[in-house]
Structure formats: C-alpha cells, structure tokens
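Enquirer: For reference, the structure I am asking about is given below.
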Amino acid sequence: MSWALLQRAALDGAHTAWFDGMQPTLVEEARRSPAGRRLLARSLAVSAAPVLFGSVPAVLPQVLRNGRWMLLPGATLETLALDIGAFAFAPAIRTRVDRNDVLRLRRVLGAQRYAGALARHSAATDRADAAGDALDAVIGCDDRLFDAVRRRGLAEWIAFVAASHPVAVERLRLSAPPGVAVAAVDPWLTDVGVAHLVSIVDTEAANDRATGSP
C-alpha cells in the first residue's frame, strides 16, 4: 500500500462525471496516457479529492495502510455498497411478503444478497421505521430500488470511514457520480456492522494480492 497506489486506484475508478466538460470516451482515453492522467489528477485535486491528489505525505498514514478496499475497482466498490445497503435495509426487507415485492427485491438485489438480508439478525440499533419508509418510496421501480440501496450503502460506508481519514471518504465519493456518495447524517447501522463487511473485502483483497489474482 502506498500513496501512489491509492492515487492510481482512485483515478482509474473515478466516475467520468467528475471531469466536467469531458465526454466519457475522452476520459477513458486520457486515463491511458501519462499526460492525460496528470491532467485528470489535477482536475480531481481542485475539489473532488483535494487531499488525495493535492498532497503527497512523506509517510502513508497508518490508518490507511490496511484499507485494501481502497485499491479495488469501482465495480467491486459498488458491489460492496449494495451489500451494505441491503444490510441497512434488512429490517424492512424482511417485512415484505407481497409476491411482487419479493420478486422485485430478489431481482434487484440478487438471490444471495436478498437471502442474506432475510437471515440478518436485527440489532436494537436498527432503524426499522426509517428503512421501511425509504423502501416504501422505491419498491415500485427496479431502478429506484437499486439506486436507493446503493446510495444507502455508500452513505453508511462514508459515515463509517469519515472519522478515520479524508482520503477514505474521497475514494468512496469518486466511485459514484457527484452527489451520490454522501455521508449518512443519521446512520442506520452500527460501526461494527459496517466494519464486518469491509473487513471481509479487505481480507479477500489481501489474499488476491498474495496469490497474484487480478
């Protein structure tokens, strides 16, 4: 783990919408050349990720050294965000017995993620009422349901890492379009719940690097 690796992963995984005025195809082309990458990095340093791209510490902060999830591609981060979101919505998901609701949840979340939400043990800190209201608002549309679960997962995740280091927040914020990844003001999950899911991914990432897996 190094600052340069964090910058590389964040630049590769940054959503194209962060680069104002550039078509996605131009962003992808720029990512393939050193000069283009420097241009994109300077753009991110202005506002989207000023700590990660606007500074180079002499020593990587200790709190970042074990955050292997920050090196993962954007698609993998989205998968974990959905896992966390389903975890947060679990109290509301378990109350849905209408056939259409069940079919939609299984279709949007995937059978394994849906089964995990059903199996999750409710803690006293679960915000069942808030989760139920939020699910009511989106259960009628696949796209809205997917977006709500992803946004909730990112919100819970950012709230969890916010106290550790701003680079962790910037890495998550860049993985989604501007305005999507925003910290939860009133988290539904405890830090323990989020930490458990993130630790699994950190372990898998470490194993992949040890075995040379892509």
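Enquirer: For a Förster distance of 45 Å, can you work out the FRET efficiency between the beta-carbons of residue 12 and residue 101, rounded to the nearest 0.05? If you can, show how the numbers build up before the last one.
Expert: Details: r = 37 Å, r/R0 = 0.83.
The computed FRET efficiency comes out at 0.75.
Enquirer: Taking the mean number of other Cβ atoms within 10 Å as a proxy for protection, how do you rank 50-57, 150-157 from highest to lowest?
Expert: Ranking the peptides 50-57, 150-157 by packing returns 150-157, 50-57.
Enquirer: How much net charge surrounds residue 184 when only other residues with a Cβ under 9 Å from its Cβ are counted (Lys, Arg +1; Asp, Glu -1)?
Expert: It works out to a net charge of -1.
Enquirer: Rank-order 63-73, 27-37 by packing density, defined as the average count of other C-beta atoms within 10 Å over each peptide's residues, highest first.
Expert: Per-residue mean Cβ counts within 10 Å order the peptides as 63-73, 27-37.
Enquirer: For an R0 of 25 angstrom, estimate the FRET efficiency from the Cβ-Cβ distance between residue 186 and residue 47 and round to the nearest 0.05.
Expert: 0.45
Enquirer: Filter the DSSP H helices in the chain by two things, a Kyte-Doolittle mean of at least 1.0 and an axial alpha-carbon span of 24 angstrom or more, and list the hits by number. Could the numbers behind the result be given before it?
Expert: Numbers: long enough: 74-93 (27 Å, 1.30); 142-161 (29 Å, -0.09); 191-211 (30 Å, 0.21).
Taking the DSSP H segments of the chain (at least 24 Å long, mean hydropathy at least 1.0), we get 74-93.
Where a number appears in this text, it was derived from the coordinates with a stated rule and is not lab data. Owing to the predicted nature of the structure, the values given are computational and were not obtained by experimental measurement. Reconstructed Cβ throughout: ideal geometry from the backbone, glycine too, with neighbour counts over all protein chains shown.
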